[in-house]
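One structure is given here, and the rest of the page talks about it.
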Amino acid sequence: MKLKFYILSILCCSFLQSQDLDKSPWHIVGKNIDANNYYGITVANGMVGMVSSPEPLKVNEVILNGVYDYYQRGRVSNILKTFSHMNMHLEVDGNRISKNTISDYKQTLDMQTAKLITTFKVGDKISVKQEMMSLRNLPFNSMGIVEITAKKDVEIVPINFISAPDHLQDVRNLYAEIDRPHVLIPLMSSVAFSPGRKKVATSTSFIFPENHGNEPKIIHEDWDYNMHLMKFKKKLKAGETYRFALVGSSMSSVHNNDPHNEVERLTIFARLEGINRLEKAHEKAWQELWKSDIEISGDLRSQKAVRSALYHLYSFARKGTAYSLSPMGLSGLGYNGHVFWDTELWMFPPLLVLQPEIAKSLLEYRFERLQAAKDNAFAHGYDGAMFPWESAEDGSEDTPVWALTGPFQQHITATVGWAFYKYYQVTKDKEWLVSRGYPVLKEVADFWISRVERTAPNNYEIKNVIGANEWEENIDNNAFTNGMVKTVLEYASKAAEALGKEPNKDWRHVAKNIPILKFADGTTKENATYDGVIIKQADVNLLSYPLKVVTDRENILKDLEYYEPKLSKTGPAMGNAILSVLYARLGDIKKSYSLFEKSYQPNELAPFGVLAETAGGTNPYFATGAGGMLQSVLFGLGGLDITENGVEELKVKLPKNWNSLTLKGVGINEKTITINK
């Protein structure tokens with residue numbers, strides 16, 4: 001009877017723990033994990049991204065930021081998928097476990113500490129808990145902490161293996177043991193070259209409990225050219241819990257001239273820091289990030305979704321770098337890991353108001369590639385700088401030839417300049433404006449005054465482009481393109497004046513005379529030949545937010561009522577987010593909230609609710625959509641506005657089921673703003 005009661009108590013506690021996590025605003029619990037319908041969640045630190053796997057103790061793939069090569073994607077580059085170094089096998093009493101031989105398999109993302117927590121049982125022998133993290137304190141390092149509790153006397157064999165993806169060449173697998181007083185450091189490494197001869201390297205080591213002189217013996221095995229492993233045996237008594245960790249480093253010659261030696265140094269450093277110091281430093285770094293947060297009271301689903309979007313943007317970028325964000329961040333190879341307007345228009349604004357230093361890194365990426373943009377303008381017969389539609393490592397155009405977006409989706413050049421001035425509006429950093437902001441804005445403005453066509457006195461048209469709505473190709477006088485160009489030419493003029501310079505008089509003259517086309521009833525016309533067809537995403541509505549080219553309430557509503565029904569159900573989620581902002585600013589909170597939900601809920605995928613680009617899509621994680629959804633909260637329902645005075649607050653009302661909304665760490669003063677019912 002006592003045994004029955006004990007078992008029942010254990011089951012109840014487990015159930016309640018799972019239920020508590022479901023109700024936690026910080027945890028995303030994997031629901032009904034099915035290997036055939038599984039879209040992994042990513043742990044990343046802005047440099048190394050690891051995507052979860054339905055297989056126990058495995059990582060699906062590892063993405064290394066900032067390095068691209070030509071492989072598996074035809075004639076354009078792809079972000080580098082590198083060694084999978086944090087994988088483990090586990091043998092229990094001589095039998096290797098798999099997803100088919102374990103039970104109670106659960107995966108939960110703790111967003112507060114950026115840890116993926118995996119738990120499972122192996123028969124009646126052991127229970128396992130693994131905490132996987134991409135260490136925020138060490139940009140090239142990862143760690144997995146494993147706890148194994150024996151239910152009876154048992155022998156376990158944890159096995160770390162490094163495997164190389166097929167595109168890596170000249171793979172070299174190495175193993176060494178570094179002998180120091182009281183400690184023997186196992187060091188397993190792999191080195192290879194990408195197809196373009198970029199050197200990539202990884203290294204791993206076990207960290208054992210701090211009982212020196214009693215560490216297990218490591219056995220190393222070479223299996224084939226693309227995989228090797230190290231393992232140890234440990235006998236556990238019934239009731240005993242054994243805790244150890246695996247640390248790993250990953251790097252390329254883009255990051256360091258000698259990646260092989262450097263990853264080994266970093267792994268040794270992490271090994272000797274120990275589990276507790278590494279874990280605490282990682283948690284402290286994330287604690288600092290979460291000082292900028294969005295808290296929603298009364299609506300748990302919205303809270304979790306918003307936190308998930310923030311978590312992913314924070315995970316995919318980091319301050320102090322010159323790396324940008326691709327539409328899929330570090331969650332996979334989608335869109336080849338290239339950088340589009342998705343960064344500046346969609347992901348940059350939330351980061352700008354919550355994490356200005358991270359936003360600064362995204363701009364540094366563009367600044368370092370300014371010369372490539374100038375070369376691109378020269379090649380097309382224009383002055384100034386013409387930023388590529390798809391940018392990768394060196395900043396040259398990297399769009400597939402068959403995609404006309406490359407040479408014609410030129411609004412990206414204006415959008416890059418727009419983002420640079422927005423950073424100055426928020427920070428008022430004149431030193432940065434001198435060295436970074438104005439040099440970019442000047443080249444952007446010079447491009448556009450060379451790009452416009454004078455078709456009549458005081459009439460400057462922009463012909464033969466593709467706008468935000470990519471389904472309308474090679475059209476004239478696109479609303480968003482023209483509106484963004486008018487805006488950025490004014491911003492370039494203001495930036496010059498802020499530095500005591502005389503702006504080029506043509507900038508404002510041209511801006512004043514670029515047309516915004518209208519239908520007979522005053523509705524903004526998307527382009528010169530637009531005839532009411534279904535559109536891929538918001539274009540005209542972007543003139544109201546974020547551009548403020550259309551500001552009259554009647555005109556904003558007219559454009560909303562005309563274009564909202566034309567927004568495709570198969571288009572990306574960002575269009576609904578923009579409409580949500582506009583309805584919130586117009587005071588229609590019910591409509592705004594409905595569009596906020598529509599901007600992400602149809603795109604959630606099992607088992608973690610990661611976002612696909614479109615409803616029914618299968619290409620997560622769509623960081624662009626996360627950026628759009630966050631804008632609907634920050635700049636719509638939350639009432640923030642970026643102006644010449646910095647971050648200001650508009651009067652707003654909350655959705656019916658939100659008791660309060662708190663925006664923490666806003667702007668350079670890290671202000672806390674609370675909106676109550």
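The values are calculated or read from the model by the stated rules, or taken from the named source; none is laboratory data. All values reported here derive from a predicted model rather than from experimental measurement. Counting neighbours? That spans all protein chains shown, and the Cβs are built from the backbone with ideal geometry, glycine included.
For this structure, a couple of remarks:
- Those residues of region 346-396 which are surrounded by 23 or more Cβ atoms within 10 Å (Cβ to Cβ), aromatic (Phe, Trp, Tyr) and within 27 Å of Ala285 (Cβ to Cβ), in sequence order: Trp346, Phe348
- Looking at region 165-224, the strands (runs of 3 or more DSSP E) lying wholly inside it that each contain 2 or more residues that are of a type in the set (Lys, Arg) sit at 169-180.
- Residues in region 54-102 that are polar (S, T, N, Q) and in a loop (DSSP other than H, G, I, E, B) were compared, and the one that is surrounded by the most Cβ atoms within 10 Å (Cβ to Cβ) is Thr82.
- Leu605 vs. criteria at pLDDT 95 or above and buried (at least 24 other Cβ atoms within 10 Å of the Cβ): no
- Complete set of residues in region 557-603 that are β-branched (Val, Ile, Thr) and farther than 21 Å from Leu654 by Cα: Thr570
- Which numbered condition Gly332 fails, given (1) modelled with pLDDT of 95 or more; (2) of a type outside the set (A, V, I, L, M); (3) not in a helix (DSSP H, G or I): (1)
- Check on Ile156, part of a strand (DSSP E or B) and either out of contact with any Lys or Arg (no Cβ under 7 Å at 6 or more places or on another chain) or surrounded by fewer than 20 Cβ atoms within 10 Å (Cβ to Cβ) (or both): no
- Candidate set: region 444-461, residues that are more than 33 Å from the chain's Cα centre (by Cα) and hydrophobic (A, V, I, L, M, F, W, C); chosen: the one surrounded by the fewest Cβ atoms within 10 Å (Cβ to Cβ): Ala456
- Residue pairs whose Cβ atoms lie under 6 Å apart, separated by 6 or more positions or on different chains, with the first residue in region 486-510 and closer than 18 Å to Lys548 by Cα and the second polar (S, T, N, Q), are Arg508/Ser493.
- Total residues in region 627-674, condition of a type in the set (A, V, I, L, M), without any contact (Cβ under 8 Å) to a residue 60 or more places away in the chain and either assigned to a loop (DSSP other than H, G, I, E, B) or buried (at least 22 other Cβ atoms within 10 Å of the Cβ) (or both): 1
- For region 519-528, a tally of residues being within 19 Å of Glu473 (Cα to Cα) and either more than 36 Å from the chain's Cα centre (by Cα) or among the charged types (D, E, K, R) (or both) returns 2.
- Taking every residue in region 20-43 that is under 18 Å from Val59 (Cα atoms) and pairing it with any residue that is among the charged types (D, E, K, R) and outside any loop (DSSP other than H, G, I, E, B), at least 6 positions away or on another chain, the pairs with Cβ-Cβ distances below 6 Å are Val29/Asp22.
Per-residue answers, yes or no, for (1) of a type in the set (Lys, Arg); (2) over 28 Å from Ser599 (Cα atoms); (3) within 15 Å of the chain's Cα centre (by Cα):
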site: Trp341; (1), (2), (3): no, no, yes
site: Trp346; (1), (2), (3): no, no, yes
site: Ser361; (1), (2), (3): no, no, yes
site: His380; (1), (2), (3): no, yes, no
site: Pro388; (1), (2), (3): no, no, no
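- Lys198 satisfies every condition listed in (1) surrounded by fewer than 19 Cβ atoms within 10 Å (Cβ to Cβ); (2) more than 30 Å from the chain's Cα centre (by Cα); (3) not β-branched (Val, Ile, Thr) except (2).
- Test: residue in region 297-315 that is outside the structural domain of Ala201 (by TED's automatic domain parsing), under 15 Å from Gln355 (Cβ atoms), of a type in the set (A, V, I, L, M, F, W, C) and not in a helix (DSSP H, G or I): no
- Which numbered condition His509 fails, given (1) surrounded by 17 or more Cβ atoms within 10 Å (Cβ to Cβ); (2) of a type outside the set (Lys, Arg); (3) within 13 Å of Trp448 (Cα to Cα): (1)
- Residue satisfying all of: in region 103-112; of a type in the set (S, T, N, Q) and buried (at least 19 other Cβ atoms within 10 Å of the Cβ); farthest from Asp22 (Cα to Cα) among these: Gln107
- When Tyr438, Tyr491, Tyr545 are checked against the criterion of being surrounded by 18 or more Cβ atoms within 10 Å (Cβ to Cβ) and under 30 Å from Lys569 (Cβ atoms), Tyr545 stands alone in meeting it.
- Output for region 219-243, where each listed residue is under 30 Å from the mean Cα position of the chain (by Cα) and either among the hydrophobic types (A, V, I, L, M, F, W, C) or crowded, with 19+ Cβ neighbours inside 10 Å (or both): Met227
- Among the criteria (1) closer than 16 Å to Phe622 by Cβ; (2) not in a helix (DSSP H, G or I), the one Lys319 does not fulfil is (1).
- Residue check for Lys151: farther than 20 Å from Met50 by Cα, of a type in the set (Lys, Arg), modelled with pLDDT of 95 or more and buried (at least 19 other Cβ atoms within 10 Å of the Cβ): no
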